[in-house]
Structures are given as C-alpha cells and as structure tokens.
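Asks: Structure in structure tokens, see below.
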Amino acid sequence: MIGLANSPAQAALGCRDVALRLHALDLEYHEKFVCDPKPASIPHIQTPDGTNQISDHNGEPPCMKGTPASRVAWQHDHQAELDALNAQKAVCIKLACPSAINPALVAATHGVLGHAPATPVADPDMDRDGIPDATENALIARFSPYLRFSDGQVGGSDLYPPTDPLYYLQRSAVDGGDHSTPVLTAQQLANDSHAVLGLSPASNVLRGYGADYYLERCVNEAPRTDYYVTPPFDSLPIVPHVPAQTWADAMQIHHLGMFAHVSPFIPTGPNDLPCHCPKIIVGTQHDHVIPPSAYETDSNNAHYYKIEYYQFFPFNHDDQVSKIGDHESDWSIITLVYDTATDKIVAVSHWAHGVEMRFDIRNYPDCTRKVDPVVGNECIFTGPMHSRSNVSLAKLGVFTIDQDHPEYAQNNEVRFAQDASGEFSHPVVYVEHDSHEFWPTEHWSFFGAPAHPGNDTAHSYLATDIPNLGEIQHPMGDEAAVLLLYSGSWGNWNSSNSPPPGPALHKPWNWFMTNNRVPISCRAAE
C-alpha cells in the first residue's frame, strides 16, 4: 500500500484505488459540466494512455454546461487531490513498468545472409531465459524440420521460394495506416533496417508496453500496429513483383528465411495455451477442438522446453481461381515440445491457416518405419484419428468459409526423418504449393488452398544451421531484433487475407517475459 500526501484526512491508497478515484472524479466532472455525449476529462485527469483528453473526437472543445465560475470552483476544491493523485499515478506507472526496455542489439556476424550470429563464450545465455545458448542451438539442430515442397497442379516449382526477411525488408518501403503513405523508403531501410523500430513507441513491441488501467500490471493491449512492409511493386499482376531470393539460394543455404526459438514452457495461465484460442472461422461448431495436452496441464512443467521454427516466404499465392488467399509475405510454423527429464519430444504441432494440428507422441509412442524415396528412412506415428484420412480443415459455407472438423487432424499422423546419428528426430513438413502452409502429411485439405503433395523432389531438404532468435527482451542479433520487435505487418497488399506480423505476434510463440511485463495473450496474436 502506497500512501498519498493529499490531506491529513485522506487514507492511504493503493494504485488501483488511485485509478478508481481518478475515474470517479472524471465522471463527476463530466456529469456536472459536460453536455457532450462523448466522455471527456478535465485537464488534470489523465486517461489510461497517459494523455489529457479534453476535446471531442473532432478536436473541438466539448459542449460545456454550468457557469465558468462553477467550473473554476469545482477545480479549486479538487485541485490538491488531483495533483496528489496524478503524482501518485506517475509513481504507480513506474512501479508497474519499472523501466522502458530498449534491448542492446548484439552485433551479428552474417557470413552469409541469414547466418546465426556468433555467441561470445563469456555469455552462455545471451537471451536470459535460463537455458544455455549451446543447449538451445543443439536442440534447434537436433529437431530441425525436413521440408518437402510441392509442385503445382500443372507442374512447376513454387514461385516464391524461401527468402530472408531482411532481404525482403531492405528492398521495400514501410507504409502507415492508410496503406499508401511511405513512412520509410526502401533506401532508408537498406541503410538501416532497424528504422522500423523507431517509427513510434508502438512500432517496437516492447516500447508499446505501459501500465494497465488499474496501474497494477505492465501490458501491451494492442501489440499489432498499422505499419506495413510494402514491396516496390505493390500490385497483383499475374506474377507479383516482390523481393525474393531464388531456389538456387535456398538450396545452397538450407535455412534461408528460417529462424528458431527455444524457451522454457511455463504457462502463466490458460491464455498462454493455443488450445484456448484456436482460430475460429465463421460457422464453426468446434470452439476447443484441441484439448489440453499433458505437458500443458502438468503442475511440474519446468522440465519442458518449447522449440519453434518460423519460415519466411515473400508472397502467399493460393494458386486457385478465387485468389482469396493471396497476400504479400508469409510466415509458416512448426513447433515441438521437448521433455528434459526424458530427453524426448513429447508433442509436435504443424500449423496451417491458423489451425494447430498436434500429435502427442508421449501418448502414442509407437511408429512404423519405412523408406521414403525423398526423405529416406522415416518413422510414422499414428493415433486414434488415423482412420480419418480425408480431413478437411475448412469448407465452403453459404456465404463463408467454415471450419470443418479440425479435431480429426489431432493425433492423426506425424512423420519423423532419421538423423545421421540414427535418431528419428526431424519432423517432416509437407509445404503447400505457393501458399506455404505446413502440414504433417500429404493428405487432408483446406478449402480454397492448393494441395501439398510434397512432390517437388528437386527442392526438398533438411533445414540446417538455423539462426536462434532468442527472447523478445534479449534478441540474438540485429536481424532477430527486427523480426521480434517490429509490430507491423510483413506485407501490404492482400486479396481477403491480411499479411502476417512477425514471429512473436503469432499464437505459437512461447513468451518468456521478465521486468513485470505480462505476456501478450494469444487472443491478441495472429
């Protein structure tokens, strides 16, 4: 409890009481003197965002009632209390959010664009999450995905191969909320890609944090902002002109555009679990199709690590007549949960069109071995839903695309490729042609999306040397800082499906936050 030096008669108030008292005074002033129907505030009462709001939405003073003398008298009677409350509010804000975090960027040494930065021996845990970086990097390499790309229906490889996001960013502009006004030019971004973090406090996810309304927690209620990375040809001809690298680049660098994140899996509450906020498409009857797994509800969950892989593509092209899924840039995702107590993966989740397709290996540990002509030796795990081979995650409704039995894709099938050491440790990913969603099998479908047969044998590979992003408060290098902290969209143009944000604003991202900051809810994420 923090005291206030308002008057000898006033009892000590906590921060919540300060917020409530300010709100009460605001309402009292409004009821007595403001006839405008929109809420207003007197000059010494600040709104939760820290601004004084004394004019209406058109910038004009609100309609006032009562005499000027009565308003002056009210102000005089309450001035001492208002000054003390606002002084205490400032103290409470600093207590809730101890300091602004502007993480020092670790100088990255990119021998080839996208290579991981060197880790100084003197600092074995640069991202400050309690897991030694050497351990994280070993896990990233050990469980890296095997990507099987797909040819189109009439043949031909994916038009938009994996691309490094900084390559894309440094050849684009950034627009503001009107989608058309450049706030950063391609030349500015080519010279300094970190300029995207200085557009406003909100353009940097961490700088967008502030005290909540009750002055008790440090939150970022609206982490997604209206900034858009805009390629130089921001239109849609038959073949969009977006900055992209080539298949030759991707086949030379088997991690081009791919990044990883490893952190302790310690949920702070239900909203940290993707099963509590799956992507709900209009018309669905399956609100929670993914029941919590054992690792999500284990009270002694400190021995689990979450391993996430994020793959960037420069354009999402649905390769369909409708073109409803077309949009600039794409992030595709696969995640795994690792149990340090058993040294095994207990679950793996492929993500396609916002739907998680999870397989709980701990529950169904038996696999069938086979030799695949592309992957080589595989272990195929099957679960109780394996009898349903024709899974559809979405179907055409009357006027909508409706979710269609995504529960059938849970504990259905997953495949692992064999490592050089003999361990079956690399989850196999079937990549949609041109729209790049990650699937655990060549089967199943999503209405309006192209197929994912994984039949582009010339362009399939095991991802290697994948850079470690680190944590959002301590990014592992310059490129990681941009990917984690930029709060806008990685694209501008879209048909009917908006371009995505960066990795940390997707539901699968496992938040590891310190400094009293509340992790961003998955309900506020992509």
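Asks: For ALA84, are the conditions met, namely being at pLDDT 80 or above and among the aliphatic types (A, V, I, L, M)?
Replies: yes
Asks: Ok, one more. Take segment 74-96 and flag every residue that is open to solvent by 40 Å² or more (accessible area, probe 1.4 Å) and in contact with a Ser or Thr (Cβ under 9 Å, 6 or more places away or on another chain).
Replies: The answer is ALA80, and nothing else.
Asks: Just give me the residues in segment 433-465 being in contact with a Phe, Trp or Tyr (Cβ under 7 Å, 6 or more places away or on another chain) and charged (D, E, K, R), in sequence order.
Replies: ASP434, GLU442, ASP456
Asks: Here's something else I'd like to know. If a residue must be within 18 Å of GLU471 (Cα to Cα) and at pLDDT below 50, how many such residues does segment 105-154 contain?
Replies: Total meeting the criteria: 11.
Asks: Please go through segment 422-440 and pick out each residue that is out of contact with any helix residue (DSSP H, G or I) (no Cβ under 9 Å at 6 or more places or on another chain) and either surrounded by fewer than 22 Cβ atoms within 10 Å (Cβ to Cβ) or outside any strand (DSSP E or B) (or both).
Replies: GLY422, PHE424, GLU432, HIS433, ASP434, SER435, HIS436, GLU437
Asks: When you look at LYS323, is it among the basic types (Lys, Arg) and either assigned to a strand (DSSP E or B) or modelled with pLDDT of 95 or more (or both), yes or no?
Replies: So LYS323 fails the test.
Residue-by-condition table, conditions (1) surrounded by fewer than 22 Cβ atoms within 10 Å (Cβ to Cβ); (2) at pLDDT 85 or above:
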site: GLY283; (1), (2): yes, no
site: VAL289; (1), (2): yes, no
site: PRO292; (1), (2): yes, no
site: GLN311; (1), (2): no, yes
site: HIS327; (1), (2): no, no
site: ALA352; (1), (2): no, yes
site: MET357; (1), (2): no, yes
site: ASN363; (1), (2): yes, yes
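Asks: Also, I was wondering about something else. Of the residues in segment 482-522, how many are open to solvent by 40 Å² or more (accessible area, probe 1.4 Å) and either basic (Lys, Arg) or closer than 13 Å to TYR228 by Cβ (or both)?
Replies: 3
Asks: Among the residues of segment 445-481 satisfying the criterion of being among the β-branched types (Val, Ile, Thr) and open to solvent by 30 Å² or more (accessible area, probe 1.4 Å), which is farthest from the chain's Cα centre (by Cα)?
Replies: The residue in question is THR457.
Asks: While we're here: Conditions first: (1) more than 29 Å from the chain's Cα centre (by Cα); (2) without any contact (Cβ under 8 Å) to a residue 40 or more places away in the chain. ASN390 passes all but one, so which condition is the exception?
Replies: (2)
The values are calculated or read from the model by the stated rules, or taken from the named source; none is laboratory data. In this text, all values refer to a predicted model and were calculated from it rather than measured experimentally. Heads up, the Cβs are rebuilt from the backbone with ideal geometry, glycines too, and the neighbour counts pull from every protein chain shown. Just so you know, the surface numbers come from the protein's heavy atoms only, side chains and all, with ligands and any DNA or RNA stripped out. Shrake-Rupley method; radii C 1.70, N 1.55, O 1.52, S 1.80 Å.
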